[in-house]
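Colleague: Dropping a structure here in structure tokens format, bear with me for questions.
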Ligand SMILES: [Zn+2]
């Protein structure tokens, strides 16, 4: 079968081959065996690279669960990702989260398109907007996972949570809580007023509009950490590429008054 695919992970295998995790448009996340991938002359037109979009030809799955990769042709190299550590780190978040959400042999074309779009943003956006790009990806990915947070009413009392309210984000309750309603709620984390307004903005406004401005850096980092923590909770996993920003590790500044 032929499909578009992003390289998410590469493990060397023997002297000349590699086991590669591909995020594909047609069949979700697939682990492939690229025989001879590290030889200078191979049917992959050079070594495979992480974060590159390829057109690939896949064979039939073998007994060990791996799918043979017959050939590949780069469609978009996103070259700045590999020359700029900040862009590479942001791309790693996208590739890791997409790998966690894309299931084996199950097409999720919207999530695949979101991942390609987000890598394009991370490759091309001015540096101050990288964090906004990651927040946008995480917010959209959480929504596509079917576990998106409810962002208007408090999950405990049902009343509106206002933009300036002291709020908590609780994956266990599926969304926001007033600080007073969520006392003692396990796994809930404080959400600043700036963080809440950014989260609402990226969840409701078209992507192009979100990307026209840079989010306040502190709010962007806070929301990245909260959304990553949200995914870790609902997927019961760890997101290693966002480890320094893990849920609850972002210091919370209480709004004045
Ligand atoms: Zn409440």
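Colleague: Hey, can you rank 123-132, 110-119, 80-89 by average C-beta count inside 10 Å, highest first?
Modeller: By packing density, highest mean first, the sequence is 110-119, 123-132, 80-89.
Colleague: Would you mind checking the tilt of helix 85-101 against the longest principal axis of the Cα atoms of the chain, expressed as 0 to 90 degrees and rounded to 10?
Modeller: Around 90 degrees separate the two axes.
Colleague: Treat region 32-191 as a sphere of radius equal to its Kirkwood radius over Cα pairs and apply Stokes-Einstein at 10 °C in a medium of 1.306 mPa s; give the translational diffusion coefficient in µm²/s, rounded to a whole number.
Modeller: The estimated diffusion coefficient comes to 86 µm²/s.
Colleague: Can you give me the P(r) profile for region 125-245? Cα pairs, bins 5 angstrom wide beginning at 0, each as a whole percent.
Modeller: 2, 12, 22, 25, 21, 12, 4, 1, 0
Colleague: Using only Cα atoms, tell me the angle between helix 130-144 and the longest principal axis of the chain; keep it within 0 to 90° and round to the nearest 10.
Modeller: Taking the Cα atoms of the chain, the angle to 130-144 is about 90 degrees.
Colleague: Further question on the same structure: Indicate the gyration tensor shape class of region 93-154 (rounded, prolate or oblate), computed on the Cα atoms with a ≥ b ≥ c the square roots of the eigenvalues: a/c under 1.5 is rounded; otherwise a/b larger than b/c is prolate and the rest oblate.
Modeller: Since a/c reaches 1.5 but b/c is at least a/b, the shape of region 93-154 is classed as oblate.
Colleague: Across all directions of projection, what mean area in square nanometres is found for the Cα convex hull of region 18-112?
Modeller: 6.2
Colleague: For a quick protection proxy, order the peptides 229-236, 4-11 by their average other-Cβ count within 10 Å, most packed first.
Modeller: For the peptides 229-236, 4-11, the packing ranking is 4-11, 229-236.
Colleague: Ignoring everything except DSSP H segments at least 4 long, calculate the 222 nm mean residue ellipticity for the chain; use -39,500 (n - 2.57) per segment, divide by total residues, nearest 500.
Modeller: So the calculated ellipticity at 222 nm is -10500 deg cm²/dmol.
Every number in this text was worked out from the coordinates using simple rules, so none of it is lab data. Model, not experiment: these values are computed from the prediction. Ideal geometry is used to build each Cβ from the backbone, glycine not excepted, and the neighbour counts take in all protein chains shown.
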